[in-house]
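These notes are about the structure you will find just below.
The values are calculated or read from the model by the stated rules, or taken from the named source; none is laboratory data. This structure is a prediction, so every number in the text was calculated from the model and none was measured. Heads up, the Cβs are rebuilt from the backbone with ideal geometry, glycines too, and the neighbour counts pull from every protein chain shown.
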Amino acid sequence: MGLSYLLRRAVQIRANHTALIFGDRRQTWSQFHDRVTRLAGGLAALGVGSDDRVAAIMDNSDRYSETLIATPWIGGVIVGLNFRWSINELRDAVRESAPKLLLLDDGNLEIGRALASELGIRVIFAGEGPCPEGMFGYEELIASSEPAADVGRTGQDLFTINYTGGTTGRSKGVMLSHANSVACGVSSLADGLFTENAIYMTAMPMFHTGGIWPFVSCMASGATTVLMPGFDAELILKAIEKEGVTESLLVPTMIQRLIEHPKFKDYDTSSFTQILYGASPITEALLNRALAALPNTKFVQCYGMTELSPLAAVLRHENLLGKNREIGRHKAAGRSIAGVEIEIVDENDNPVPRRTIGELLMRGPNLMLGYWNWPEETAKALKGGWMHTGDGGFMDEDGFVYIVDRVKDMIISGGENIYSVEVENIIAQHPAVQSCAVIGIPHEEWIETVHAIVILHPGETADAAEIIAHCRSKIAHYKCPRSVELRTEPLPLSAAGKVLKRELRVEYLAKRAAN
């Protein structure tokens with residue numbers, strides 16, 4: 001089965017049911033199918049064929065969703081690009097993925113046009129304003145095109161390339177197949193997510209698997225998706241009340257902003273019966289406040305990663321309450337979803353006994369094909385046919401997995417994955433910097449923020465503001481340090497010469513406690 005099968009089935013069983021809501025625009029599954037096939041015809045007329053890439057730098061919209069399905073309808077591959085990236089980061093990804101076409105909307109027009117001009121890529125303008133000169137208009141393309149035939153992509157055919165952070169200091173393109181995404185969508189239904197009567201609200205970006213996976217799942221069940229262009233707490237509350245939203249995937253920071261909004265109690269949230277949360281750990285204090293603020297809402301933790309399409313494990317609401325809460329089950333990441341196998345292994349990939357800490361390995365039909373043009377990293381990540389997650393944890397006697405550390409020193413801030421090596425590489429480019437280390441430090445709202453420890457070359461000067469400004473000129477602002485410590489004593493090193501970041505975290509917390 002491929003993505004086109006899911007759409008054909010949705011039309012067959014729920015042709016007149018609402019598929020998409022975006023602002024004042026609504027589509028049934030039948031109407032969505034018509035627009036998707038016509039857009040596919042337009043893309044084919046512009047030369048998109050088997051395995052050709054189509055990239056998008058866009059906020060969430062109904063047009064993004066249509067492109068997501070129209071591209072593989074004719075055999076193409078969709079490349080979602082993070083609109084929060086700097087032009088340097090976008091340039092690297094666009095050069096690597098080499099798309100035939102680039103879709104832009106109003107808010108991303110300037111940076112996208114500069115990239116397209118520099119790299120010689122034709123542009124489709126999918127925004128709301130008038131189409132700029134030299135670009136193809138999205139609506140005109142649909143209106144002037146005949147519906148394209150489904151080429152029948154399925155199985156291990158490539159569906160999408162999703163860029164994620166990497167320990168090499170460069171983002172890597174995760175290759176997900178049709179089988180990967182369909183398997184993840186269908187498995188989600190088995191866990192009671194995105195069922196046919198759901199009115200699901202997408203607040204996560206569509207360039208991310210956190211945006212793609214729920215939409216694919218809703219297409220599998222024929223449910224309704226309410227698309228939000230981004231996260232704004234009051235607009236989210238308005239949408240819940242207006243559209244009768246039943247569920248949504250929110251990172252903990254979003255949950256906090258929602259329940260702490262001054263007008264939270266002014267809106268009717270009685271329809272909101274299920275919140276999926278993930279992407280970063282939720283504190284117990286926030287979980288308690290959320291349960292109290294939304295007493296009729298079930299909270300379901302979803303654990304996974306882009307390389308797993310992205311869902312791997314689910315922790316159901318009942319594990320947050322009563323006796324399960326008393327035994328600490330609310331601290332688990334969950335149990336594997338149908339079709340996914342989880343092993344906890346030692347440093348030699350040998351399985352360890354229950355409740356013994358090791359690295360989480362996973363495999364199943366949702367496991368990625370690999371990293372685009374990164375064969376060595378692919379071989380390392382998929383050694384032995386298992387995804388080496390880099391997460392440390394253990395499994396209890398009932399198959400619940402608990403995460404205790406992030407082996408790869410990943411920093412999660414506001415639901416965004418930030419890799420310390422990438423930030424360190426940028427800081428090290430400053431001419432005054434001799435060495436540095438980047439760690440995540442606790443933050444009440446964002447869970448963690450980026451903290452840099454920097455040693456300058458003898459005789460050189462630089463302050464924290466200068467280091468931060470240097471980073472902001474080269475990478476996305478959310479990746480940049482929020483605080484910088486300048487020190488003269490050497491960084492603590494292991495016998496192998498690796499910086500001991502655990503010691504740096506302990507030092508930071510001790511200093512903060514002393515102050």
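Per the listing 10, 40, 45, 19, the residue uniquely of a type outside the set (Lys, Arg), under 24 Å from the mean Cα position of the chain (by Cα) and in the same structural domain as residue 157 (by TED's automatic domain parsing) is 19.
Please enumerate the residues belonging to segment 481-501 that are modelled with pLDDT under 80 and either surrounded by fewer than 12 Cβ atoms within 10 Å (Cβ to Cβ) or not assigned by TED's automatic domain parsing to the domain that holds residue 430 (or both). Selection gives 493, 494, 495, 496, 497, 498. On the stretch given as segment 338-359, residues that are within 21 Å of residue 175 (Cβ to Cβ) and crowded, with 17+ Cβ neighbours inside 10 Å total 1. Remark: residue 387 falls outside the filter, which requires a residue to be surrounded by 16 or more Cβ atoms within 10 Å (Cβ to Cβ) and either under 20 Å from residue 284 (Cβ atoms) or out of contact with any Leu (no Cβ under 7 Å at 6 or more places or on another chain) (or both).
Just checking, does segment 174-192 include any residue being out of contact with any Asp or Glu (no Cβ under 6 Å at 6 or more places or on another chain), part of a loop (DSSP other than H, G, I, E, B) and farther than 16 Å from residue 276 by Cα? Scanning segment 174-192, I find no residue that is out of contact with any Asp or Glu (no Cβ under 6 Å at 6 or more places or on another chain), part of a loop (DSSP other than H, G, I, E, B) and farther than 16 Å from residue 276 by Cα, so the answer is no.
For segment 296-312: of the residues being aliphatic (A, V, I, L, M) and not in a loop (DSSP other than H, G, I, E, B), which is farthest from residue 159 (Cα to Cα)?
Quick first cut of segment 296-312, residues aliphatic (A, V, I, L, M) only: 300, 305, 308, 311-312.
From what's left, not in a loop (DSSP other than H, G, I, E, B): 300, 308, 311-312.
Details: 300: 27, 308: 14, 311: 17, 312: 19 Å.
Looking at the filtered set, the residue picked out is 300.
For segment 67-94, the set of residues classified as surrounded by fewer than 17 Cβ atoms within 10 Å (Cβ to Cβ) and among the charged types (D, E, K, R) consists of 84, 91, 92, listed by residue number.
Condition check for residue 387 on (1) in the same structural domain as residue 357 (by TED's automatic domain parsing); (2) in contact with a helix residue (DSSP H, G or I) (Cβ under 7 Å, 6 or more places away or on another chain); (3) free of Cβ contacts under 8 Å to residues at least 60 places away in the same chain: one failure, at (3). Kindly evaluate residue 418 against the criterion of being without any contact (Cβ under 8 Å) to a residue 40 or more places away in the chain, part of a strand (DSSP E or B) and closer than 30 Å to residue 336 by Cα. For residue 418, the condition - without any contact (Cβ under 8 Å) to a residue 40 or more places away in the chain, part of a strand (DSSP E or B) and closer than 30 Å to residue 336 by Cα - is not met.
Yes/no matrix, rows are residues, columns are (1) assigned to a loop (DSSP other than H, G, I, E, B); (2) buried (at least 21 other Cβ atoms within 10 Å of the Cβ):
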site: 32; (1), (2): no, yes
site: 37; (1), (2): no, yes
site: 51; (1), (2): yes, no
site: 96; (1), (2): no, no
site: 129; (1), (2): yes, no
site: 134; (1), (2): yes, no
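Looking across segment 197-226, the residues that are among the aromatic types (Phe, Trp, Tyr) and not in a helix (DSSP H, G or I) come down to 200, 207.
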